[in-house]
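Heads up, the thing below is written out as structure tokens.
The values are calculated or read from the model by the stated rules, or taken from the named source; none is laboratory data. Bear in mind that the values here come from a model prediction, so they are computed numbers and not experimental data. Note that each Cβ is placed from the backbone with ideal geometry, even for glycine, and that neighbours are counted across all protein chains shown.
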């Protein structure tokens, strides 16, 4: 009798499936349950609200503004990361001297931990001592002004994630006759 017929495969996989269900499905269901309730933890008040919370969101201007900003940031960052990473990959796909060193330099932002990268950008954008204000000669609060902050966060994200696109595009695996640029 094969293991498929006697169900051994399901018995071996079931602990992992149960763990995945606990880790993924339970939190999603709990969030849906919480979204249907009105809770004030300070006063220990909890009552069923149904879809009232969702209707409130649909009428709230802050929700629509946050959704607009999220969509803008996501579309902009993914598009620019892909274009930047692909451009770098195509440039580094050519033959030139010190290609390996340049590749290593391009991958540094990818290898640096996110916290270190964030702190570096915070120093660059610092209002009083930042190098960006020093170079431009203008004192601007880059991260405190709504006019500049989204662009600065996009720069940070593109700098951090573009090497991922370069690394994952695999241009080196394309046969030279297929990629004549």
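Scanning segment 61-89 for residues that are without any contact (Cβ under 8 Å) to a residue 24 or more places away in the chain and under 16 Å from residue 157 (Cα atoms) yields 70, 71, 74, 75, 78, 79, 83. For segment 135-151, what are the residues that are free of Cβ contacts under 8 Å to residues at least 12 places away in the same chain, within 28 Å of residue 66 (Cα to Cα) and in a helix (DSSP H, G or I)? Within segment 135-151, 146, 147, 148, 149, 151 meet the criteria.
Could you check segment 50-134 for helices (runs of 4 or more DSSP H) lying wholly inside it with 2 or more residues that are out of contact with any helix residue (DSSP H, G or I) (no Cβ under 6 Å at 6 or more places or on another chain), modelled with pLDDT of 90 or more and exposed (fewer than 13 other Cβ atoms within 10 Å of the Cβ)?
Values: elements: 52-59, 61-92, 99-106, 108-111, 114-124.
Fully inside segment 50-134 and qualifying: 52-59, 61-92, 114-124.
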